[in-house]
Structure formats: structure tokens, C-alpha cells
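Since the structure comes first, as C-alpha cells, the remarks are kept for the end.
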Amino acid sequence: MTPRLYYVHDPMCSWCWAFRPVATQIFQALPLGVTLVRLLGGLAPDSDQPMPRQMQTYLQNTWHTIEQRVPGTRFNFDFWSRCQPRRSTYPACRAVIAARQQDGAAEAAMILAIQQAYYLHAMNPSDDATLIGLAGEIGLDGERFTRDLNAPATQQQLEQEMALGRSIGADGFPSLILEQRGRHQRLTYDYCDPAPVLAQLEDLLGRE
């Protein structure tokens with residue numbers, strides 16, 4: 001089996017948003033023969049309950065911390081006053097799967113659309129209406145996407161990806177894990193520089 005680089009993420013994980021520019025550089029510079037596989041992490045299950053005030057404060061503080069630690073990362077704090085936050089990222093994860101099922105190339109486009117809607121445009125990706133609107137914006141078949149978004153098969157796929165991520169050692173998001181010859185190696189990364197990951201890949205692949 002050819003080596004695989006697993007990227008375990010959640011489209012509503014703020015640290016994944018911060019890592020996006022570096023992750024993009026890593027993916028573009030992957031050594032020949034390495035296959036990129038994105039796995040949804042499922043940060044928070046479905047919920048119709050408003051997010052507790054304490055959690056809202058915690059996440060807003062996290063956004064401020066990220067802006068300080070990862071230069072260039074932007075957040076639109078209007079989200080917290082415009083929307084009714086819920087601690088629920090499964091809908092956004094299922095949206096990525098539903099997009100992938102229609103068109104493999106739409107997976108990355110949906111991830112970006114969700115992140116930009118959430119972090120830059122103060123929209124709520126916990127709401128199906130937001131996700132369905134984004135699907136239309138990236139050119140997906142809206143009727144099919146709406147059917148697939150909450151279909152049992154889509155939820156089952158999410159659960160399988162979550163289980164696989166845990167089984168290969170992902171204990172947080174984002175995680176980068178190299179699989180080669182049946183072994184899994186977690187890679188350490190820098191939010192501001194792709195070089196450490198690329199160096200680890202070169203070293204690990206060079207041992208084969």
C-alpha cells in the first residue's frame with residue numbers, strides 16, 4: 001500500500017482554521033506517491049440546545065489566543081451576537097461528506113466554504129439552512145445535498161471516520177498522521193511553517 005497522510009480535522013475547529021494556510025502548503029508539497037486522506041473528527045455531536053455562556057466565553061477567548069499566536073488568522077466576532085451558537089459540529093462534518101459524495105473535488109471547496117462562512121461572515125454552520133446555501137454556492141445539486149446531509153448513511157460514514165481517526169492516534173484537531181507499511185506515525189507541526197512536517201515526511205519516507 002502506498003503511504004497515506006491522514007489529516008484529521010473538523011471544519012468548525014478554530015485551530016484547524018488557523019492551520020489552514022500551512023496545511024495547504026503541506027498538501028501542495030507532498031512527496032510523490034503519498035496520498036492525502038481527510039478524515040472528519042466530529043468535534044461536537046448534534047444538539048438543538050443553545051451553547052452555554054461559559055462555553056461561548058471560552059471559545060471567544062480561544063479565537064483571541066489564536067489571533068495572537070498565529071499571525072494573519074482572522075475571526076469575525078459578530079458571530080456571537082448575530083447567531084444562536086450551538087455546540088454542534090456534526091452537521092458541518094456531514095456536509096463535507098455529502099459534498100464529497102457528489103464530487104470528490106467538492107470536499108475541499110465545502111470545507112473552505114464552511115470555514116469562511118463561520119469565521120469571516122458570522123454565519124452558523126450548525127444550521128442546515130446555512131450548509132444547504134453553501135452547497136449551492138459551490139455548485140452542488142441542492143436537492144441531492146439536502147437529502148444526503150442528514151441521511152443515515154452519511155452519519156454512518158462520519159462515525160466510521162471518527163473511529164478511524166481515533167484508532168490511528170488522533171487525539172485532537174488538527175492531527176497529521178503518516179501511514180506506511182501498516183504503521184502510523186503522528187507528525188508534529190508548526191502553525192506558521194510547513195517545513196517541520198515536510199522534513200518529517202522526508203525522513204520517515206526515506207527510511208523505507
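Readers should treat all values here as calculations from the given coordinates under stated rules, not as data from a laboratory. Note that this is a predicted model, so its numbers are computed, not measured. When we count neighbours, we look across all protein chains shown, and the Cβ atoms used for this are built from the backbone with ideal geometry, even at glycine.
Each row is one residue, and each column tells you yes or no for (1) polar (S, T, N, Q); (2) more than 16 Å from I177 (Cα to Cα); (3) within 16 Å of the chain's Cα centre (by Cα).
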| residue | (1), (2), (3) |
| --- | --- |
| L5 | no, no, yes |
| H9 | no, no, yes |
| W17 | no, yes, yes |
| Q28 | yes, yes, no |
| V37 | no, no, yes |
| L43 | no, yes, yes |
| Q56 | yes, yes, no |
| R69 | no, yes, no |
| P85 | no, yes, no |
**Request:** Looking only at segment 121-137, count how many residues are surrounded by 17 or more Cβ atoms within 10 Å (Cβ to Cβ) and under 15 Å from D103 (Cα atoms).
**Result:** 2
**Request:** Identify all residues within segment 176-196 that are in a loop (DSSP other than H, G, I, E, B) and of a type in the set (A, V, I, L, M, F, W, C); write none if there are none.
**Result:** L187, C192
**Asked** (1) under 18 Å from the mean Cα position of the chain (by Cα); (2) of a type in the set (A, V, I, L, M); (3) not in a helix (DSSP H, G or I): which one isn't true of L140, the others all being true?
**Response** (1)
**Residues of segment 12-35 classified as exposed (fewer than 14 other Cβ atoms within 10 Å of the Cβ) and touching a Lys or Arg at 6+ places or on another chain (Cβ under 8 Å), total** = 1
**Fill in**
Checked segment 53-76 for anything in contact with a helix residue (DSSP H, G or I) (Cβ under 9 Å, 6 or more places away or on another chain), part of a loop (DSSP other than H, G, I, E, B) and under 13 Å from A18 (Cβ atoms); matches are V70, G72, T73, R74, F75
